[in-house]
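Below: one structure, written as structure tokens.
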Ligand SMILES: Cc1cc2nc3c(=O)[nH]c(=O)nc-3n(C[C@H](O)[C@H](O)[C@H](O)COP(=O)(O)OP(=O)(O)OC[C@H]3O[C@@H](n4cnc5c(N)ncnc54)[C@H](O)[C@@H]3O)c2cc1C
Ligand code: SF4
Ligand code: SF4
Ligand code: FES
Ligand code: FES
């Protein structure tokens, strides 16, 4: 004889408060939201300005306009040619790369977490009730599309190569007149601007390589590391970088802005580039 | 509401085998019983996967020979017997040494992920009393790995039943947070079932089953300073006594040499022996590495005499002798105690365990991550930079239910015991790492034993006697019905303190006698403890019920400790400091008659000649009388000496 | 050294409950669990708390302390000031049994649906050969003490009871990752990770990682790599192209074990 009485239906502890946290849990979300907003505003304005994106002579092209393939691109900036005719800048000059740069960051695992928290508030902080009645995460469109991060990663690698090409140019001044009117000799040479671009490109590479997709492709997808010692070594290096992915996400935002700002100021002849060699 | 609190309604279940305890031994037994096609229930006081085994750190001993190929079962057997000071049941020690490797490999096939050697085998580490690196381990969380693996194996079996019967619990079901308070027998004296309550709801439950496997673990909660959790109230020991089974070796309680001593709230929490196995040393407040002064004669030949030799051993164990920090636990615990008593202790009443000055931080972090975590979080000590303060803590009971070595059957038909609740395997002192392997070796055997018993039983199943069931209900309800009375927490706290002070690491006749008379008073108080509140998850009530078991066990320990007039392993008598070959031949057996515990002397099983021959006669003569050695291959040598 | 701490403890059962105020003595070096035990021994003998090892090894004593999911036995009183009031509540995501004890059976049900370790049947026990570098990843996940704090904190089910059906929670998605990365396992749980266990619900906001007492990098090392493995199967353009060219039929994933929900 077996008598089994079903346990009574149980409910959660009824606690009204949205959270009982006593620390300033809202801080982080606010800081992230503010910084991201500032950056996006700055970038938007800059991308559509259509001025001061290239410093001739020095050969500095801001990353926001690279590759410069619109018909309006000034000579020197458009090292890869003009792909469409000149039209007023409702289309950004770097229309070819910007969607991917944007897509890469938008689908980045770190940024996703960060803006879900900061803007969408799901959750605003851990153990703080979110304001939405339902939640389906990244299971449906549009958010399910974030799984395309892998694709954006591949594009980001190409764009990093383009950035590197810009970097090479920044170390190879031309005889064109610089915004402040000086003449440089054609050949190897660099100034503070080149170094800033160098730092930016190094950081961009670090950010791109520390991507979770990269970690997966290079080795993470393997089951037996011991059978692939080289890939295991690479995976280890990428994993080390990956630990700093969040930090790199923020430093690259900063370095992009600093690089652009510097080039803008030099291009607008606010001050001349400080040359170190030629 | 009064109705609900005192309701006598009972849920009933019927099983072939009921395993009480979801630790390593219980789960292994249940897996075996289920694999033999029996309908099996696993009962546990705590949640599934949280039994005490989860706390084991160092490793599981098995002579796989992965690190040192010279290792084999004979060496393991010798080490075990030496560690237990030759009081072990030799058949158990033999089975254990022979079968442990297979049981460990089996865990691996079920998904356990042990640390690896360079060539991809299971890595093995050094531990006190083991001649070769022998402990399969995962960092310092081996118990977690074992219990999780067995838990996941149970789940795998349930999944098989999901596919076969559409019901994962068709043949194996876990009753978590359920406490058994009585075993029930049929009029012929055979096991018929187990009675208890479900902690969640406070409801009573009866499991009707012809075979019960006790796997309830130890008794450490009877002592104040202990590495054991609340589960260790000696339930299985008491249930067995109450059901008419016999306990043995109850005087042997292992005090682990290294428990935390500070802060007070964590006093007793274990510091794994691997700290010493991996290079940690013991120092007193003068900075002296004192263990060299305490190597006893019987171990002189195997242990280093200088620090240089001891340090060389870690890298070249074949040509150097072991550091004395790795002596068996009883020796190390006593030495630490002596240092503290002599006034060379640390500010918080321990001694120093130092690995910081001997190994790199990276090494410490990979080998001892959870120790690092534990000290950091609980004591604000960074063990990669500072020494730890440690002292002895009650850790393990060698004593337990007397069982048949091959089948784990007790003297009560249908009752089996395995794991820490069983006795005999470890003699007077258990070697580190021998428990985890004991759990799986004898867990499997108990499952088999129960299955064989049931097939011999045939169709007729023993039936529970209604009157016994009523008594069990009344007994369990008593503290709730009482309304006013003593607090169970207070009685328990005082009991722990008395046992620690009077029947602890070092014992004296007068003190143990005092303890025995105190216990009488505790019993009177326990009879009137009250637990206000409701039935559902009422810890006061649970404590009140556990007190009966702790008192029974405490009395057994004290009685046996008073009787045995020698010092051996986990039993140290200040007034009888030496080891006596005459006492070695004796097991103290306890049983319950009415409400009186009776104790008899029982000769210990002799070593088979082939097992005897595994030792040199020169070693055996330190433990055994000449007559016992007559059958030894070198017996002639013994004659010449005289 | 001791002082009287102000505690607000949630007392009650499924039906109802409330925060009740207590004053309890605190001594040097104590953790929250010690103080709750003192409360139990001196003022509230029937206060329900779940605990076992008191050393952060068993994962029983999960609760919320000042709103943060934590282990009672690993939260030192010294992390709070002597004047502040500590609010102690049961885990919110699971039904409450009594006081601080919750019904965590959800987790055991999920565990039972994940296909178990599936080695090559021809490898006999004792013949497994695995390198340390091959087991490191699984070992990190096996440090899990099943405290279910991550499950409790994850907003997917904490704030949306209705998602419990389709989301297994970080602990069990990590279990899938552990098996997928186990060098001797041969099953393929990628499809079911997404379809039956709801990996897509995770929006990688990392609260599971934040509360894990074992400091397992759940999101970075288990969840994201699993998302990547699934992306590799479903969304990677190069993989897609490769499979079109070679015309290799897509292998079928292991199905989930039917549950009794
Ligand atoms: C801190 C620590 C570290 C250790 N390290 C090691 C080591 O490195 N190597 C080693 O070999 N050994 C070690 N040990 C010893 C070893 O862990 C234990 O001896 C062993 O785990 C006991 O296992 P068991 O199966 O007998 O019982 P346990 O794992 O203790 O399980 C007992 C079970 O019985 C249940 N139970 C008890 N009473 C009842 C009841 N009345 N009703 C229902 N259920 C009940 C409990 O809920 C539990 O599920 C260590 C012990 C401790 C405390
Ligand atoms: S990272 Fe994913 S699984 Fe972890 S808490 Fe956030 S949503 Fe839940
Ligand atoms: S992953 Fe961490 S938080 Fe989650 S159950 Fe395991 S130990 Fe707890
Ligand atoms: S760029 Fe952030 S994860 Fe890929
Ligand atoms: S009691 Fe075991 S983790 Fe806190």
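The values are calculated or read from the model by the stated rules, or taken from the named source; none is laboratory data. A quick note: this is a predicted structure, and the numbers were derived from the prediction, not measured. Cβ sites come from the backbone with ideal geometry, for glycine too, and all protein chains shown count toward neighbours.
Quick grid of which residues meet (1) more than 19 Å from residue B:450 (Cα to Cα); (2) surrounded by fewer than 19 Cβ atoms within 10 Å (Cβ to Cβ); (3) in the same structural domain as residue B:536 (by TED's automatic domain parsing):
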position: B:147; (1), (2), (3): yes, no, no
position: B:154; (1), (2), (3): no, no, no
position: B:158; (1), (2), (3): yes, no, no
position: B:173; (1), (2), (3): no, no, no
position: B:181; (1), (2), (3): yes, no, no
position: B:189; (1), (2), (3): no, yes, no
position: B:193; (1), (2), (3): no, no, no
position: B:196; (1), (2), (3): yes, no, no
position: B:199; (1), (2), (3): yes, no, no
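Go over the candidates C:59, C:67 one by one and state the one that is facing chain B (nearest Cβ under 7 Å), under 24 Å from the mean Cα position of the chain (by Cα) and either away from ligand 1 (no atom under 16 Å from the Cβ) or crowded, with 23+ Cβ neighbours inside 10 Å (or both).
Only one candidate passes the filter, namely C:59.
Could you go through segment A:111-134 and let me know if any residue there is at the interface with chain C (Cβ under 9 Å from one of its Cβ atoms), within 14 Å of the chain's Cα centre (by Cα) and surrounded by 18 or more Cβ atoms within 10 Å (Cβ to Cβ).
Scanning segment A:111-134, I find at least one residue that is at the interface with chain C (Cβ under 9 Å from one of its Cβ atoms), within 14 Å of the chain's Cα centre (by Cα) and surrounded by 18 or more Cβ atoms within 10 Å (Cβ to Cβ), so the answer is yes.
What residue, of B:191, B:172, B:198, is touching a strand residue (DSSP E or B) at 6+ places or on another chain (Cβ under 7 Å), touching a residue at least 24 places away in the same chain (Cβ under 8 Å) and under 22 Å from residue C:50 (Cβ atoms)?
B:198
Within segment B:142-168, can you find the residues that are within 8 Å of chain C (Cβ to nearest Cβ) and over 26 Å from residue C:143 (Cα atoms)?
Listed by number, the residues that qualify are B:162, B:163, B:166, B:167, B:168.
I need the full set of residues from segment C:25-50 which are closer than 23 Å to residue A:15 by Cα, in contact with a strand residue (DSSP E or B) (Cβ under 8 Å, 6 or more places away or on another chain) and outside any helix (DSSP H, G or I), in order please.
C:44, C:47, C:48, C:49, C:50
Sort through B:140, B:167 and tell me the only one that's in a loop (DSSP other than H, G, I, E, B) and within 11 Å of ligand 1 (Cβ to nearest atom).
That would be B:140, the only listed residue that is in a loop (DSSP other than H, G, I, E, B) and within 11 Å of ligand 1 (Cβ to nearest atom).
Is it fair to say residue B:303 is closer than 30 Å to residue B:605 by Cβ, away from chain C (no Cβ under 14 Å) and in contact with a helix residue (DSSP H, G or I) (Cβ under 7 Å, 6 or more places away or on another chain)?
For residue B:303, the condition - closer than 30 Å to residue B:605 by Cβ, away from chain C (no Cβ under 14 Å) and in contact with a helix residue (DSSP H, G or I) (Cβ under 7 Å, 6 or more places away or on another chain) - is met.
Is it the case that residue C:76 is within 16 Å of ligand 5 (Cβ to nearest atom) and more than 9 Å from chain B (Cβ to nearest Cβ)?
No: the conditions fail for residue C:76.
Kindly provide the set of residues from segment C:51-72 that are assigned to a helix (DSSP H, G or I) and either at pLDDT below 95 or away from ligand 3 (no atom under 16 Å from the Cβ) (or both), ordered by number.
Correct list: empty.
Do we have residue C:184 as surrounded by 24 or more Cβ atoms within 10 Å (Cβ to Cβ) and either more than 7 Å from chain A (Cβ to nearest Cβ) or within 15 Å of ligand 3 (Cβ to nearest atom) (or both) here?
no
Determine whether residue C:202 is facing chain A (nearest Cβ under 7 Å) and farther than 20 Å from residue C:111 by Cα.
No; evaluated as a whole, the condition is false for this residue.
Quick one: would you say residue A:171 is touching a strand residue (DSSP E or B) at 6+ places or on another chain (Cβ under 6 Å), more than 16 Å from ligand 2 (Cβ to nearest atom) and away from chain C (no Cβ under 13 Å)?
yes
So that you can scan it fast, the table gives a plain yes or no per residue for (1) out of contact with any helix residue (DSSP H, G or I) (no Cβ under 8 Å at 6 or more places or on another chain); (2) assigned by TED's automatic domain parsing to the domain that holds residue B:503:
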position: B:580; (1), (2): yes, yes
position: B:590; (1), (2): no, yes
position: B:597; (1), (2): no, yes
position: B:624; (1), (2): no, no
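Would you say residue C:164 is out of contact with any strand residue (DSSP E or B) (no Cβ under 9 Å at 6 or more places or on another chain) and either within 16 Å of ligand 4 (Cβ to nearest atom) or under 23 Å from residue B:115 (Cβ atoms) (or both)?
When the stated conditions are applied, residue C:164 does not pass them.
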